[in-house]
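Contents: one structure, followed by commentary.
What follows is calculated from the coordinates using simple rules that are stated; it is not laboratory data. This is a predicted model, so every value here is computed, not measured. Cβ sites come from the backbone with ideal geometry, for glycine too, and all protein chains shown count toward neighbours.
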Amino acid sequence: METVDGIEDLGVIRNIGQPELRIELNESRLARYGVAKEDVQSIIEMAIGGKSASLLYEDERKFNIMVRYESAFRRSENEIGKILVPAKDGSMIPIRELADIHTITGPLIIYRDNHARFCAVKFSVRGRDMGSAVAEAQRKVERQVKLPEGYTLKWTGDFENQQRATKRLAQVVPVSIAIIFVILFVLFGNARDAGLVLLNVPYAAVGGILALLITNFNFSISAGIGFIALFGICIQNGVIMISDIKNNLRERHPLEDSIKMSVKSRVRSVLMTASMAAIGLLPAALSHGIGSESQRPLAIVIIGGLIGATFFTLFVFPLMVEAFYRRMLYDKNGKLVQRRL
């Protein structure tokens, strides 16, 4: 993971250890002396930790009477090694002959998640969006790391929160577009004009997606927010354009002239809206400082989407409006059959 561009501060989360006495039973020695493993474990448990021999009752309360060795016989590795264990032939064997006894530094805290122990590897992402950095790290880890049976690998932290938010965003965006359609339907009074205006959305989305691909950014939460803001801008341009075309038609102008007049009158406002937004977001799109991993995708999506949406609004959208309106206003012979829209 150290070779992944953007990943820094890589390390394993460790805790301060504490002394731990480890007694490792030797199977071959146990078999040689004829000592059962369970007998050794039972004596060690009683000698060091203590066992309940009886109960003491005091009124309604009861207390365990614990039996264990005095501290002098269990304070060190040497003393514990002298504890005797009975063999099958009746002889007494010291534990040091049956096990390896040594002191190690054990964990002070055992980390668990859903009752399962885990070891955490931490890292930071700088100068790059989290999604692409983690995706590259996942590919490298999958190729090079083979986990033993019973072990699992899980990517959590901020990345897990981002994935959860991305799924939520995938639900919010369609709902937002549906609400926008309802508002447009109420505004225009028909589904035709509302649908025409919504055609700006795919072109804006294509522009934003191409911008992400060109700059090698993955889809992220900030990019999703940028798409939502972008949809609002491109729909606003579509509403302005189609409203102006309908006003010209109501003033008895021919369809082609109405569309040309609207494009000429609105080209400046559309271009200024897109250029001001793009210029304002350009520093964020080019930034490389702290927080740029969240600013850059948003700015890149809006700038790329505005380029696609502006081209569509000025060149493609008028042609589509003309095609739809011509079918309603004129017959096959080109004769005007309907004036009101």
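Looking only at the stretch 1-58, count how many residues are free of Cβ contacts under 8 Å to residues at least 60 places away in the same chain, under 30 Å from E142 (Cα atoms) and surrounded by 13 or more Cβ atoms within 10 Å (Cβ to Cβ). Give the steps one after another, and end with the answer.
Filtering the stretch 1-58 down to residues free of Cβ contacts under 8 Å to residues at least 60 places away in the same chain leaves 2, 14, 27-28, 31-32, 34, 36-58.
Okay, now just the ones that are also under 30 Å from E142 (Cα atoms), so 2, 14.
Cutting the leftovers down to surrounded by 13 or more Cβ atoms within 10 Å (Cβ to Cβ) gives us none.
Matching residues across the stretch 1-58 total 0.
Please go through the stretch 266-291 and give me each residue that is touching a Lys or Arg at 6+ places or on another chain (Cβ under 9 Å) and part of a helix (DSSP H, G or I), ordered by number. Walk me through how you get there before you give the answer.
Here is the first cut: in the stretch 266-291, the ones touching a Lys or Arg at 6+ places or on another chain (Cβ under 9 Å) are 284-288, 290.
Passing the criteria: A284, A285, L286.
Can you report the number of residues in the stretch 168-218 which are in a helix (DSSP H, G or I), of a type in the set (A, V, I, L, M) and either over 19 Å from P297 (Cα atoms) or in contact with a strand residue (DSSP E or B) (Cβ under 8 Å, 6 or more places away or on another chain) (or both)? Let's see the steps before the verdict.
Keep residues of the stretch 168-218 that are in a helix (DSSP H, G or I), which gives 168-188, 191-198, 200-214.
Checking the rest, the ones that are also of a type in the set (A, V, I, L, M) come to 169-170, 172-173, 175, 177-180, 182-184, 186-187, 191, 194, 196-198, 201, 204-206, 209-214.
Adding the requirement that they be either over 19 Å from P297 (Cα atoms) or in contact with a strand residue (DSSP E or B) (Cβ under 8 Å, 6 or more places away or on another chain) (or both) leaves 175, 177-180, 182-184, 186-187, 191, 194, 196-198.
Adding up the residues that qualify gives 15.
Residues N237, N248: which one is of a type outside the set (A, V, I, L, M) and touching a residue at least 24 places away in the same chain (Cβ under 8 Å)? Break it down into steps so the answer makes sense when it comes.
Details: N248 fails: touching a residue at least 24 places away in the same chain (Cβ under 8 Å).
When all the criteria are applied, what remains is N237.
For the stretch 61-98, enumerate the residues that are farther than 25 Å from Y33 by Cβ and charged (D, E, K, R).
Of everything in the stretch 61-98, those that are farther than 25 Å from Y33 by Cβ and charged (D, E, K, R) turn out to be R61, K62, E70, R75.
Looking at the stretch 156-167, can you tell me whether even one residue there is free of Cβ contacts under 8 Å to residues at least 60 places away in the same chain and outside any helix (DSSP H, G or I)? Walk me through it before giving the result.
Just the residues of the stretch 156-167 that are free of Cβ contacts under 8 Å to residues at least 60 places away in the same chain, to begin with: 156-167.
Pick out the ones that are also outside any helix (DSSP H, G or I) and you get 156-157.
Yes, because at least one residue in the stretch 156-167 is free of Cβ contacts under 8 Å to residues at least 60 places away in the same chain and outside any helix (DSSP H, G or I).
What number of residues in the stretch 163-218 are hydroxyl-bearing (S, T, Y) and farther than 22 Å from D129 by Cα?
Going through the stretch 163-218 one residue at a time, the tally reaches 2.
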